[in-house]
Amino acid sequence: MELFNILRDTLLDLIPIVAVIFGFQYLVIRRPVPHLKRVLAGLVMVLLGLVLFLFGLERALFPIGSLMAEQLSAKAFLPALVEGAERHWTHYYWIYIFAFAIGASTTIAEPSLIAVSIKAGEISGGVINPFALRVAVAIGMAFGITLGAWRIVMGWPLQYFVIAAYLVVIVQTFRSPRNIIPLAYDSGGVTTSTITVPIIAALGLGLASSIPGRSPVMDGFGMIALACLFPIITVLAYGQIAEWRAKRSRAQSSSTTK
Amino acid sequence: MPFVYSLLRQSLESMRDIAPVLLVVGFFQLVVIRQPLPEHVTLLDLGVGLLSVVLGLTLFVRGLQVGLFPVGENLAHAFARKGSAFWLLLFSFALGFGTTVAEPALIAVAGQAAIVMSEGGLIAPTEAAQDTFALQLRMVVALSVGSAVVLGVFRIIKGWPLHLIIIAGYALVLILTLFAPAQIIGIAYDCGGVTTSTITVPLVTALGVGLATAIRGRSPLLDGFGLIAFASVMPIIFVLIFGIVAY
């Protein structure tokens, strides 16, 4: 039953795309698709792969992940309070560690990020290392989610965080190698799809419903937004570091040849 | 035989990709939380789930390289040969709109958002009002992604620098945030993230890179990427405007 629902959802996702592609291919371009059989086999593999992936996540990871998010923010798990004392934001340290670790690890396994990194490695002729790119995005994602969790604990408005992140991105943009900029901007959007969103949502919801004064519906939002922004910063930083290292090794090799 | 071999190698890579998640979950379960698994999750579930995740990821990545990437690139080249910007832009809009309007993640977020809106008193607390809002929100977001892909493709044709447009977009987001009702801000910011699904991302990337390769004077790395970035900023702008105009 579950498998059937996932298949239906994924088909709903795929059908409009296939309709648009083949509609334009045959009505506007009026030329057959090259290697049609191969391409169709590939699309079926994408569909089956995604269905199996989601099915496996829902069977194993999502129930445990959301339960863990709940357990970690439950009262029983936090340090005992002295009578009348207020809860300090540092009491939630396990939440921050969990948010960081789960954000980083799920991003490494994110299928759409794998896709973009393969493409980037291909067209950069090996200058951009696909795995390093994914690690850079994962670190950014982990920071974004941790900050999102901290924001829910503190109850501060989302806008301040988003504006600050925008400012960092803008400053970095003018100091980064030009080649990395479009890829960095793209990596913000690709991180949040299949695997990360349900876990983040569970974490946000669990936190917002266990902390007094937060409403799950109002404060649960916003985590995805931060998770989208920080990978831009870390990928730009990856480009800056790579450029700096290339410069340094060039300077070294030129000084040794002198 | 080479196909089977490449699948095997791919599945090893998938295992490597999944390993960090297992480590994190295992560590927290065994060291930090130290509580038995919930009753509705058995060890069999875990085994079956893990196996399907690895198998699924393997098939997906192979399918990308065999099916989705070539389709996107081939279309880009065909449009570039045809030389008609009108059809290309129409295609871009249809692709952006079509992939977003039925996106399951967006439907889920729109439903959540409708509840936030009625709790905030901006729409009536009836189911009909919530459904109307959710549908409107989905349409606004789908329109925004459609126009984002159009703008992104137009940029590739013209060769405009991406960062100036995106920074202008950020500025617009900041200005609109000042005027938008508080309840819609979180929703708007999140809508940027949920629109790009696992099937759309590879296809749109292949389209952009293919176009930048086919059009003379464009660099795939400089001009080919950026479509996803537009598709993440544009929904924020559209939803904020929607919030200002409608409420």
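Quick notes on this structure:
- 3J(HN,Hα) from dihedral phi, the range B:92-101, Karplus parametrisation 6.51/-1.76/1.60, rounded to Hz, x for glycine, proline: 4, 5, 4, 5, x, 5, x, 6, 8, 5
- Between A and B, roughly 8500 Å² of accessible area is buried in total, ligands, DNA and RNA not counted and the probe set to 1.4 Å.
- Here the protein assembly as shown exposes an accessible surface that is 69 percent carbon and sulfur, computed with a 1.4 Å probe and the other protein chains kept in place.
- Considering only B:Val194, B:Ala76, B:Ala171, the residue lying farthest towards the positive end of the dipole of chain B is B:Ala76, judged by Cα position with unit charges set on Cβ.
- Every pair of different Cα atoms in the protein assembly as shown enters the Kirkwood calculation, which places the hydrodynamic radius at 23.3 Å.
- Positive-end residue of A:Leu113, A:Ser124, A:Gly148, charge dipole of the range A:80-177 with Cβ unit charges: A:Ser124
- You can think of it this way: the chain between A:Ala19 and A:Arg38 has 5.1 nm of extra reach, that is 0.36 nm per residue less the Cα-Cα gap.
- The range A:89-258 - Rg and Dmax from Cα coordinates, angstrom: 17.8, 67
- For the range A:1-72, the fraction of alpha-carbon pairs in successive 10 Å shells from zero, as %: 17, 35, 25, 15, 7, 2
- Long-range amide H partners of B:Ala124 with built H, under 5 Å: none
- Of the DSSP H helices in chain A, those with a Cα length along their own long axis of 24 Å or more and a mean Kyte-Doolittle hydropathy reaching -1.0 comprise A:2-24, A:36-56, A:130-154, A:223-257.
- Efficiency of FRET from Cβ geometry, A:Leu78 and A:Arg178, R₀ 30 Å, rounded to 0.05: 0.05
- Cα-centre dipole for the protein assembly as shown with unit charges at Cβ (Lys and Arg positive, Asp and Glu negative), debye to 20: 2160 debye
- Among A:Lys247, A:Lys37, A:Lys119: highest mean-square fluctuation, GNM of chain A, C-alpha pairs under 10 Å: A:Lys37
- Gaussian network model of chain A, Cα within-10 Å springs - most flexible of A:Arg87, A:Arg59, A:Arg31: A:Arg31
- Cross-link partners for B:Lys82 among the lysines, with Cα-Cα distance under 25 Å and sequence neighbours closer than 8 places in the same chain left out: A:Lys37, A:Lys119, B:Lys158.
- Calculated from backbone phi, Karplus (6.51, -1.76, 1.60) coupling profile of the range B:181-187 in Hz, x at Gly/Pro: x, 4, 5, 8, 4, x, 4
- In this simple spin-label model, placing a label point 7 Å from the Cα along the Cα-to-Cβ direction at both B:Gln35 and B:Ala171 gives a separation of 5.1 nm.
- Taking the square roots of five times each eigenvalue of the Cα gyration tensor of chain B, the equivalent ellipsoid has semi-axes of 33, 31, 16 Å, listed largest first.
- Candidates A:Leu167, A:Leu203, A:Leu54: whichever shows maximal mean-square fluctuation once chain A is modelled as a Gaussian network with Cα springs under 10 Å: A:Leu167
- Karplus-derived 3J(HN,Hα) values for the range B:119-131, using 6.51 cos²θ - 1.76 cosθ + 1.60 with θ = phi - 60°, are 5, x, x, 7, 10, 5, x, 10, 5, 5, 5, 5, 5 Hz; glycine and proline are entered as x.
The values are calculated or read from the model by the stated rules, or taken from the named source; none is laboratory data. These figures come from a predicted structure and were not determined experimentally. Don't worry about glycine lacking a Cβ; one is built from the backbone with ideal geometry, like all the others, and counts go over all protein chains shown. When the accessible area is computed, the model is the full protein with side chains, heavy atoms only, and any ligands, DNA or RNA have been set aside. Shrake-Rupley method; radii C 1.70, N 1.55, O 1.52, S 1.80 Å.
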